[in-house]
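Here's the structure we're looking at; comments come further down.
The values are calculated or read from the model by the stated rules, or taken from the named source; none is laboratory data. These numbers were taken from a predicted model, which means no experiment stands behind them. Heads up, the Cβs are rebuilt from the backbone with ideal geometry, glycines too, and the neighbour counts pull from every protein chain shown. SASA here: full protein model, heavy atoms, side chains in, ligands and nucleic acids out. Shrake-Rupley method; radii C 1.70, N 1.55, O 1.52, S 1.80 Å.
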Amino acid sequence: MPLMGFGTYGRTGAAGIAAISLALETGYRHLDTAQDYNTEREVGEAVRASGLARNEVFLTTKVATQNFAEGRLVPSLRKSCEEIGVDQVDLALIHWPSPRGEVPLATYLTQLAEAQSLGLASLMGVSNFTIALLEEAEAILGKGAIVNNQVELNPYITNAKLAAYCNSREISVTCYQPISKGRLKDDPVLTRIGKQHGASVEQVALAWEMARGYCAIPTSSRAERIRSNYEATRLSLAPDEIAAIDALDRGRRAVDPAWGPEWD
Ligand SMILES: NC(=O)c1ccc[n+]([C@@H]2O[C@H](COP(=O)([O-])OP(=O)(O)OC[C@H]3O[C@@H](n4cnc5c(N)ncnc54)[C@H](OP(=O)(O)O)[C@@H]3O)[C@@H](O)[C@H]2O)c1
């Protein structure tokens, strides 16, 4: 799973296909979509137009909460594969835990496992899961079944406790909002480190995430940002710089719906 991926939230229509195509041209080999984003078709079109072989691009999609009820998840993932134009996605995630626990975890996780055994997804994961939910998931599916947890994570919300737990269970972490939607831009520590490397604060944040072993999936509609964010893959931070960024945590969560889980 390439550590640098391209997020596709908002990348709809012709402009979306152009942005995803540019991302592939730039070197991104991991695309993040979801049933709720309306970008699965755009992802498929951009991959086909790129001329890259299917196995050269890692594709993640996410199952929407409205598809959790018994009998709904497998057909929804089959439809996702059709929209993208592939037989199988590389990683299928549960997008959010069921709001207010309306659908029991076992109901949708066992359907996700069924989808995997049918070949609709190579790997299974979750998103916005807490430690308690990951423990429950392990009790339902067994150790090692869930391989990834996609959560909000950037220097202002480092999610250190959850990330350490994921690491201890060999669950990889993917950072969404990895550049906090541009909110890091005036940070003095990131600016200072960036100046030392001739890099932007966004590149420093992304390099920090990858240095920690996380995937990062920034998105942009702008060509220069699609390219400059990718350049973070060339930026190597020193241990003291990584430690200084670890200390920036403010627990500042931007994506926090009322129906979300009890965060760690
Ligand atoms: N699992 C989940 O629940 C969940 C939730 C949220 C997001 N996601 C995924 O994570 C991906 C990324 O998250 P996100 O889109 O919310 O946030 P993000 O990648 O942190 O930020 C994207 C925003 O920042 C701007 N931007 C991009 N590059 C920039 C740069 N170098 N300097 C300054 N601003 C920059 C973009 O605007 P311009 O277009 O104007 O450049 C865009 O508005 C999404 O696309 C989606 O795939 C998942």
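Rg and Dmax, both from the Cα atoms of the range 35-105 and both in Å, are 13.3, 43.
With the simple spin-label model, which puts each label point 7 Å out from Cα in the Cβ direction, the ALA223 to LYS195 separation comes to 3.2 nm. Only bridges with both residues in the chain count here: give the DSSP antiparallel percent, nearest 5. The antiparallel fraction comes to roughly 5 percent.
Accessible area per residue of the range 204-263 at 1.4 Å probe, in Å²?
On a per-residue basis, 52 Å².
For the chain, what is the mean residue ellipticity at 222 nm derived from helices alone (per DSSP H run of n ≥ 4: -39500 (n - 2.57); sum divided by total residues; nearest 500 deg cm²/dmol)?
Numbers: 10 runs with 107 residues, N = 264.
So the calculated ellipticity at 222 nm is -12000 deg cm²/dmol.
Given 37 °C and 0.692 mPa s, how large is the Stokes-Einstein diffusion coefficient of the range 187-244 in µm²/s, with Rh as the Kirkwood radius over Cα pairs?
Values: Rh = 11.5 Å.
This corresponds to a translational diffusion coefficient of 286 µm²/s.
Here the peptides 7-16, 199-208 are ranked by packing, the mean other Cβ count within 10 Å, and the order with the highest first is 199-208, 7-16.
Using the Karplus relation 6.51 cos²θ - 1.76 cosθ + 1.60 with θ = phi - 60°, the per-residue 3J(HN,Hα) values for the range 157-172 come to 9, 7, 6, 4, 5, 5, 5, 5, 4, 4, 4, 5, 9, 6, 9, 6 Hz, with x marking Gly and Pro.
Backbone geometry of the range 110-115 corresponds, through the Karplus equation with coefficients 6.51, -1.76 and 1.60 at θ = phi - 60°, to 3J(HN,Hα) couplings of 5, 5, 5, 5, 5, 4 Hz, x marking Gly and Pro. Note on the chain: Rg/Rh from Cα positions, Kirkwood definition for Rh, rounded to two decimals, is 0.96. Temperature 25 °C, viscosity 0.890 mPa s: under these conditions the Stokes-Einstein estimate for the range 140-182, based on its Kirkwood radius over C-alpha pairs, is 222 µm² per second. Rounded to two decimals, the Cα radius of gyration of the range 1-132 over 2.2 N^0.38 Å is 1.03.
Please report the carbon-and-sulfur percent of the accessible area for the chain; probe 1.4 Å, protein heavy atoms only, DNA, RNA and ligands left out. Whole-percent figure for carbon plus sulfur exposure: 49. Based on C-alpha pairs under 8 angstrom that are at least 6 apart in sequence, the chain has a relative contact order of 19 percent. Restricting attention to the chain, the count of lysine pairs at 8 or more positions apart or across chains with alpha carbons under 28 Å apart stands at 9. The orientation-averaged shadow of the Cα convex hull for the range 117-264, equal to a quarter of the hull surface, comes to 10.2 nm².
With θ taken as phi - 60° and the Karplus curve 6.51 cos²θ - 1.76 cosθ + 1.60 applied, the whole-hertz 3J(HN,Hα) list for the range 186-198 is 9, 5, x, 5, 5, 5, 4, 5, x, 4, 5, 10, x Hz, x standing for glycine and proline.
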